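The structure appears right after this line, and notes come after that.
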Amino acid sequence: MPEIIVLVKQVPDTNARIAIAGDAVDMSGVKMVMSPYDEFALEAALRHKEASGGNVTAVTMGGAGADKVLKDAKAIGADHIVRLDHEGWLDSNALQAAIAAAVTELGAEFVYCGKSAADTGAGSTGPGVAERMGWASVSNAVGLEFGADVHAICPAEGGNARVQVPTPAVISCDKGDLKVRKPNVRGIMQAKKAAVDVRSVAVGASTVRVIGCSLPPAKPAGKSYEGGAAAADVARLLREEANVL
Amino acid sequence: MSETVIIAETAGGVVAPSTAELVTAAVGMGTNPTVVVPCTDAGAANAAAFAGVARVIAAKSDVFAAYDAAAWAQAIDAVAPQGTVIALASARSKDMAARLAARRGLPVVQDVVAISGTQLTSPILSGKAMQTVEVEGTSVITIRANVFTAAESGGGPDVTVVDATGDVRTAVVEMMARASERLDVAEANIIVSGGRGMGDPSNFSHLETLADTIGAAVGASRAAVDTWDDIPHSMQVGQTGKTVNPNLYIAVGISGAIQHLAGMRSSKYIVAINKDADAPIFKHADYGIVASWEEALPVLTSTLSGMMS
């Protein structure tokens, strides 16, 4: 029966308006939620367990404020919840090394994660952790099938490929045909009582550091037209002014 | 600046034009890059001899016939010289770049849109903000398409062929054809997208007619994908769909939710057609047409059709 880890991350609500304070994003008053792709990863991990048995452990990194994302995972069905106790910026190198060490310590055959976190959008953690562990990885899975082997449906040149995934492996999940379950009352009650397994982590030095944030440059006001007939003018401008056709 | 090494973007075994943009980025960093071309047939690497390139290495291996992250990273690592590695920020190359960086114990910085010395800027929060980082030493970076101009082709050096191997871990059991033969939004230079304002999924046929006229892919908003089963998620542009960066994005019947804007706001030119003059999409449009799609779309299609023929 496989031990299954799902990596979850708390990020600003994707509907939040973002402001800059100084040289960082102003997080005050921004609601924090589980990164949307991690919800698919959690759903995939739970289905894997339902098909093969085993345990699902949700792991996040952060301060005490990140416990909420673990409680949310618990409410939906994670068996264990673990927080790697570190707050603050880490580059991909330091972050992945810390996560790989934790996965080794916890022990697992499969690690699920979102294809990218909604804040950084980078998508480096899944494949990077896999490389450090010497594991296989598949990314951007839009479907999973759990039979004698695990099959992932992943985008490939010219369509989607059904890929046989070996053990052990890291699987990063895109939004696909998995419908994410909602917590039930019992799950929510259990999550309230559940203890977070807080573990200290050794973090290495980061050679990439953040030096500033800004809002994207505002776009100059465009041209606006009333009525469908104006579409002919726009068509001509696309060729003559914008030069895109 | 240490040496820079470009991993060429390939599609169908051919060097993709976006590779020339990576050369411009590397030259802008004050280096003459080495271009490594992952290929099964070394002849493919001839197309990577762009102006400004110091050398081209054809990394020839059977593993490059189909993507396996571990094997690609292993084979590329064996062939690519040390130094700052640059790849395209495509889904596949971001994945490979993350593995290659981890393999070499380097940090990876994804989705770079601006380079100034050792400072790299990338969009975060799906483009709602830009983040600049300072990199100490070497790193692996991926660069968004359509940001840097393409380097001229030709004038580059000869190609060195190096055989590479990697341990393939995953196995493709079957290829599943796309639901449609249409161009994918992630690969298109022009995208025509429809939202719930299209009224009914059958009306997307009008978007397809326009798309066929100008060689565009057809996309959709999350609202459309969530409302209509006939509109597959593979078409979704936005924060939980695909992030796109085309030269031209035509949004029809799309109000412009933050979700959607996050996936397409960096498009070079945006045309919006919506009957609601207050729709947020108009704030981001270069050309906004306040009209129903029934009125505007046939005019747009027929005018463009006349121009393109």
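The values are calculated or read from the model by the stated rules, or taken from the named source; none is laboratory data. Given the structure is predicted, the values throughout are model-derived calculations rather than measurements. Neighbour counts run over all protein chains shown; Cβ positions are idealised from the backbone, glycine included.
Just to be sure before I move on: is residue B:216 touching a residue at least 24 places away in the same chain (Cβ under 8 Å), surrounded by 16 or more Cβ atoms within 10 Å (Cβ to Cβ) and more than 20 Å from residue B:290 (Cα to Cα) in the structure I sent? Judged against the criteria, residue B:216 is a match.
Considering region A:146-161, the residues that are in contact with a strand residue (DSSP E or B) (Cβ under 9 Å, 6 or more places away or on another chain) and in contact (Cβ under 8 Å) with a residue 12 or more places away in the chain include one that is nearest to residue B:89 (Cα to Cα), namely A:155.
Restricting attention to region A:71-88, does a residue exist that is of a type in the set (Lys, Arg) and assigned to a strand (DSSP E or B)? Outline the logic, then answer.
First, pick out the residues of region A:71-88 that are of a type in the set (Lys, Arg): A:71, A:74, A:83.
Remaining after also requiring assigned to a strand (DSSP E or B): A:83.
Yes.
If I ask for residues that are within 14 Å of another protein chain (Cβ to nearest Cβ) and assigned to a strand (DSSP E or B), which ones from region A:8-60 would you list?
Pass one, region A:8-60, residues within 14 Å of another protein chain (Cβ to nearest Cβ): A:9-27, A:30-41, A:43.
Listed by number, the residues that qualify are A:10, A:11, A:12, A:20, A:21, A:24, A:25, A:32, A:33, A:34.
Against the definition (in contact with a helix residue (DSSP H, G or I) (Cβ under 8 Å, 6 or more places away or on another chain), more than 18 Å from residue A:36 (Cα to Cα) and assigned to a strand (DSSP E or B)), how does residue A:172 come out, yes or no? Answer is no for this residue.
Given B:76, B:115, B:57, which one is outside any strand (DSSP E or B), in contact with a helix residue (DSSP H, G or I) (Cβ under 9 Å, 6 or more places away or on another chain) and not hydroxyl-bearing (Ser, Thr, Tyr)? Before you say what the answer is, go through the steps one by one.
On the way: B:115 fails: outside any strand (DSSP E or B); B:57 fails: outside any strand (DSSP E or B).
Answer to the selection: B:76.
Looking at B:108, B:56 in this structure, which one is of a type in the set (A, V, I, L, M, F, W, C), surrounded by 23 or more Cβ atoms within 10 Å (Cβ to Cβ) and at the interface with chain A (Cβ under 8 Å from one of its Cβ atoms)? Explain how you work it out, then say what you get.
Working: B:56 fails: at the interface with chain A (Cβ under 8 Å from one of its Cβ atoms).
Within the list B:108, B:56, the selection yields B:108.
Figure legend. Inter-residue proximity from region A:117-131: first residues more than 18 Å from residue A:69 (Cβ to Cβ) and facing another protein chain (nearest Cβ under 7 Å), second residues assigned to a helix (DSSP H, G or I) and charged (D, E, K, R), beta-carbon distance below 6 Å, spacing 6+ or different chains. Indicated pairs: A:123/B:94; A:127/B:95; A:127/B:99; A:131/B:99; A:131/B:103. Suppose the filter is surrounded by fewer than 19 Cβ atoms within 10 Å (Cβ to Cβ) and either on the phi > 0 side of the Ramachandran plot or at pLDDT 95 or above (or both); does residue A:3 pass it? When the stated conditions are applied, residue A:3 does not pass them. Restricting attention to region B:255-269, does a residue exist that is assigned to a helix (DSSP H, G or I), facing chain A (nearest Cβ under 7 Å), surrounded by fewer than 24 Cβ atoms within 10 Å (Cβ to Cβ) and modelled with pLDDT under 95? So far as region B:255-269 goes, yes, one or more of its residues are assigned to a helix (DSSP H, G or I), facing chain A (nearest Cβ under 7 Å), surrounded by fewer than 24 Cβ atoms within 10 Å (Cβ to Cβ) and modelled with pLDDT under 95. Of the residues making up region B:79-97, not a single one is at the interface with chain A (Cβ under 8 Å from one of its Cβ atoms), surrounded by fewer than 20 Cβ atoms within 10 Å (Cβ to Cβ) and within 20 Å of residue A:94 (Cα to Cα). Taking strands (runs of 3 or more DSSP E) that do not extend beyond region A:190-239, which have at least 2 residues that are at pLDDT 95 or above and under 18 Å from residue A:86 (Cα atoms)? Result: A:197-200, A:208-214. Please find, among B:121, B:138, B:149, B:132, the residue that is modelled with pLDDT of 90 or more, more than 24 Å from residue B:46 (Cα to Cα), assigned to a loop (DSSP other than H, G, I, E, B) and out of contact with any Phe, Trp or Tyr (no Cβ under 8 Å at 6 or more places or on another chain). Checking each option against the conditions leaves just B:138. Sort out which residues of region B:180-238 are hydrophobic (A, V, I, L, M, F, W, C), more than 21 Å from residue B:266 (Cβ to Cβ) and assigned to a loop (DSSP other than H, G, I, E, B), and write them in order of number. Selection gives B:228, B:231. Residue pairs whose Cβ atoms lie under 8 Å apart, sitting 6 or more positions apart in sequence or on different chains, and linking a residue in region B:193-212 that is more than 8 Å from residue B:293 (Cβ to Cβ) to a partner that is surrounded by fewer than 19 Cβ atoms within 10 Å (Cβ to Cβ) and β-branched (Val, Ile, Thr), are B:196/B:227.
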